[in-house]
Each structure stands twice: as C-alpha cells, then as structure tokens.
Amino acid sequence: MGRSYLIIGLGNKPLLKSLELSRGNAIIITDKPLDLEGSIEVLDIFKQFSLLVSIPSSLSSNDDLILDLYAHVSRLSAMSGYASMKTYLRLCEVLTASAKAKCFNLYISYCGEKSSWLYRRLKSIVDEEVMC
C-alpha cells in the first residue's frame, strides 16, 4: 500500500526532504522553477487543477509523487486565498486517495502555521508527518 507523508518545514527544506525520502522515480509538482527531470511547474493552481488530478493515472506502483505547492497557495491575495487553500486541500485529498488506491507514495510539503485549519486537515489525510 502506498503511503502519504506531510513534510513540515520552511523554505526549500520540505522539498529537499521529500526528494530524500523518495526512491528516485519521483514526479515533482512545484511552484518553484526547477531544472529537474520529472518536475511540473504550476503557475495557476485553478487552471491546472484537472491536469494535476489526472497525474496518478499515469503513475506506476513504484513511482513517488511530490506536491510542493503550499507557498504558491499562500502567496495569493487575501481575497482569493481561502478559495485557493480549499483548492489546494482538495488537490491533496484527491492525490492522497489516488496514491493509496494505486499504491504509490505521495509527499505533501507544508510551511504554514501548525495551529491553522489547513494543517489540521492535512494532518488528518496523511499517514505520517515528517519534520525537517
């Protein structure tokens, strides 16, 4: 059975920890410009949502999926922030469910406050938290 991890930390540490935990066959979904093979740069979480949720159908049971979009979501304006947080959370839920169904690993990065509703919700959908 695949496992999902919530990687907690600031800056690039969550992404680096996710890469360290993955076995090498990783697809990285990120808002950071990376020059890495297998990375998908997300510029607009709303416009690219359907693309992101379709990714699990192309993964094998040996693949890892790294979701590193929290900074992207939290950067948006206060007016769209709540909607984008909910979209991010929905994306995490869909990918986590797919990961468990398809038996691949999913790593979710989180750099926000531990007292937030998003943190509590993410914590409830992952198998394990990893501090970095």
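Numerical summary
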item: Sequence of Glu20, Glu93, Glu128 from largest to smallest accessible area, 1.4 Å probe; result: Glu20, Glu128, Glu93
item: The chain: Lys pairs at Cα distance under 20 angstrom, eight or more positions apart or on different chains; result: 12
item: Kirkwood hydrodynamic radius (C-alpha pairs) into Stokes-Einstein, the stretch 5-48, 37 °C and 0.692 mPa s, D in µm²/s; result: 286 µm²/s
item: Spin-label pair Asn62/Glu20, simplified geometry with 7 Å Cα→Cβ offset, distance in nm; result: 2.5 nm
item: Gyration tensor (alpha-carbon) shape descriptor, the chain, a/c threshold 1.5; result: rounded
item: The stretch 93-130-the stretch 1-63 distance, computed between alpha-carbon centres (Å); result: 12 Å
item: Three semi-axes of the equivalent ellipsoid, the stretch 81-132, Cα gyration tensor, whole Å, largest first; result: 19, 14, 8
item: Bins of 5 Å from zero: percent of alpha-carbon pairs in the stretch 1-77; result: 3, 14, 27, 27, 20, 8, 1, 0
item: Cβ-defined net charge surrounding Ser61, 14 Å radius [Lys, Arg +1; Asp, Glu -1]; result: +2
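The values are calculated or read from the model by the stated rules, or taken from the named source; none is laboratory data. Predicted model, so just to flag it, every value in this text is computed and none were measured. Neighbour counts run over all protein chains shown; Cβ positions are idealised from the backbone, glycine included. Please note that ligands, DNA and RNA were not included when accessible areas were found on the heavy atoms of the full protein model with its side chains. Shrake-Rupley method; radii C 1.70, N 1.55, O 1.52, S 1.80 Å.
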